[in-house]
Amino acid sequence: MAEEKNPVEYNEESIRSLDWKEHIRLRPGMYIGKLGDGSAPDDGVYVLVKEVIDNCIDEYTMGFGKQVELTIEGKKVTVRDYGRGIPLGKVVDVVSKINTGAKYDSKAFQKSVGLNGVGTKAVNALSQRFKVTAFAMVKKKQRSLKKGS
């Protein structure tokens, strides 16, 4: 006896458009693999830390910044490099607009670990708290976000 199915209507209301944060949070595996709690070496939290460190490596290999500091205190990770920093007028875009970065057709990055313009956006979207600070000469720009914002 064939099982009778209750048909679900498929129409215009079935189609959704997600903003970048919703997409990353709904499908984190596309960006960082499995979420995990950090107890396994392939948990996505390590991919998130690597995404930020990769930006530091890019600066270092191109001759900018001679030092990278990584601090882990409980569930708080801080990464600081002494490279060129994000241009102050683009700090918010670089961490909150998907596919935004200087590594597409820019001569500013001849060598690069990351090329997709997703790294810091995934870190932002999947972190409970996220703060980026860029320094340029004596000026500073900072952006702090909490999950859901």
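The values are calculated or read from the model by the stated rules, or taken from the named source; none is laboratory data. In this text the structure is predicted, and so the values were computed from the model without any measurement. All Cβ positions, glycine included, derive from the backbone under ideal geometry; neighbour counts span all protein chains shown. Accessible surface areas use protein heavy atoms only, side chains included; no ligands, DNA or RNA. Shrake-Rupley method; radii C 1.70, N 1.55, O 1.52, S 1.80 Å.
Descriptive notes on the structure:
- Considering residues of the stretch 22-35 that are charged (D, E, K, R) and modelled with pLDDT of 90 or more only, the residue most open to solvent (accessible area, probe 1.4 Å): Arg27
- Listed by first and then second residue, the pairs with beta-carbon distance under 7 Å, at least 6 apart or on different chains, first residue in the stretch 1-26 and more than 13 Å from Ala122 (Cα to Cα), second modelled with pLDDT of 90 or more and assigned to a loop (DSSP other than H, G, I, E, B), form an empty list.
- Top-ranked residue in the stretch 103-113 [being surrounded by 15 or more Cβ atoms within 10 Å (Cβ to Cβ) and in contact with a Ser or Thr (Cβ under 9 Å, 6 or more places away or on another chain); ranked as modelled with the lowest pLDDT]: Val113
- Tally, over the stretch 69-94, of residues that are closer than 23 Å to Gly38 by Cα and in a loop (DSSP other than H, G, I, E, B): 2
- Any hit, the stretch 73-92, residues being modelled with pLDDT under 80 and within 25 Å of Asp19 (Cβ to Cβ): no
- Taking the stretch 13-29 as the range and being in a helix (DSSP H, G or I) and over 15 Å from the mean Cα position of the chain (by Cα) as the test, the residues that pass are Glu13, Ser14.
- Scanning the stretch 36-68 for residues that are touching a residue at least 12 places away in the same chain (Cβ under 8 Å), open to solvent by 70 Å² or more (accessible area, probe 1.4 Å) and not in a helix (DSSP H, G or I) yields a total of 4.
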